[in-house]
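Remarks on the structure that follows.
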Amino acid sequence: MAEAIEFIRRVREEFGCKIHVLGVGGYEFIPVLRSLGVDSFDSTSWIHDARFGIVRVGKRAYSVRVRYRGKNPPLPEDFRCDCPACRLFFEDLRKNGVAGLRARALHNAWNLLKFVEEVSRMPPERALRLCRFRLVRRIVLERVVWRRLTASCAGC
C-alpha cells in the first residue's frame, strides 16, 4: 500500500495530470484517494457486496442472509430507504436469486455514489479520517499531507 500511495504522489507531483485509479474504490479507500488528489476511480464493491447478501447504508454493511454467518450485523427489520432502487425493488432486497441481487446491487451502487459525493465535498485531511486503517492514514499523512504543508511554508 505504501508503494501505491508513493506512486500516486509522485505521478501527481511530476506530471500534474489527472489520475484514475483502477480497482481501488472500496469504502475504506475512497477517503484515501480523495486525500491523495485522485480525480477518478472505479469500483465493483457495490455488486460484490450484493452478491454476498450485503446491503450498504452509508459506510456500514448489513447482511440479509437468512443464516447470519459473517462480521456484518443483520439488516434491521425496520430498514427503510428512499433511493430509486428501493422505491422500485424494496421487497426484493432480502431475496435470493437474480431479483435480490439486482435490488441489492442497485441500492449499493446508489449508496456508493452518495458516499463519493459526500467525501468529495470534504477537505482532504478530513476525508482521510474516515479511513479506519491507522497505518494507511499515517502513510498518507507522512508522504502527502506533510509534504504539502512543508512545500507551502517553503517561503515562510
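The values are calculated or read from the model by the stated rules, or taken from the named source; none is laboratory data. Everything numeric in this text was worked out from a predicted model, so none of it was measured. Methodologically, a virtual Cβ is constructed for each residue, glycine included, from the backbone with ideal geometry; neighbour enumeration extends over all protein chains shown.
Values as computed for the structure displayed
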read-out: Filter result (in contact with a strand residue (DSSP E or B) (Cβ under 7 Å, 6 or more places away or on another chain), surrounded by fewer than 19 Cβ atoms within 10 Å (Cβ to Cβ) and within 29 Å of GLY70 (Cβ to Cβ)) within the stretch 22-49; value: VAL24, PHE41
read-out: Filter result (out of contact with any helix residue (DSSP H, G or I) (no Cβ under 6 Å at 6 or more places or on another chain), closer than 17 Å to ALA127 by Cβ and among the β-branched types (Val, Ile, Thr)) within the stretch 1-18; value: ILE8
read-out: Top-ranked residue in the stretch 7-21 [being part of a helix (DSSP H, G or I) and of a type in the set (A, V, I, L, M); ranked as nearest to PHE41 (Cα to Cα)]; value: ILE8
read-out: Some residue of the stretch 65-75 being β-branched (Val, Ile, Thr), at pLDDT 90 or above and not assigned by TED's automatic domain parsing to the domain that holds ARG134; value: no
read-out: Positions within the stretch 106-156 being modelled with pLDDT under 80, in contact with a helix residue (DSSP H, G or I) (Cβ under 6 Å, 6 or more places away or on another chain) and among the polar types (S, T, N, Q), in sequence order; value: none
read-out: Residue count for the stretch 19-59, restricted to those that are of a type in the set (A, V, I, L, M), out of contact with any Lys or Arg (no Cβ under 9 Å at 6 or more places or on another chain) and more than 14 Å from ALA127 (Cβ to Cβ); value: 4
read-out: Residue list for the stretch 4-21, filter: of a type in the set (D, E, K, R), under 19 Å from ARG137 (Cα atoms) and surrounded by 12 or more Cβ atoms within 10 Å (Cβ to Cβ); value: GLU6, ARG9, ARG12
read-out: Residues satisfying the stated conditions in the stretch 82-104, i.e. loosely packed, with under 15 Cβ neighbours inside 10 Å and either modelled with pLDDT of 95 or more or assigned to a helix (DSSP H, G or I) (or both); value: PRO84, ARG87, LEU88, GLU91, GLY97, VAL98, ALA99
read-out: Matching residues, the stretch 40-84, being charged (D, E, K, R) and within 14 Å of the chain's Cα centre (by Cα); value: ASP42, ASP49, ARG56, LYS59, ARG60
read-out: Enumeration of residues in the stretch 52-81 that are part of a loop (DSSP other than H, G, I, E, B), surrounded by 13 or more Cβ atoms within 10 Å (Cβ to Cβ) and of a type in the set (Val, Ile, Thr); value: VAL64
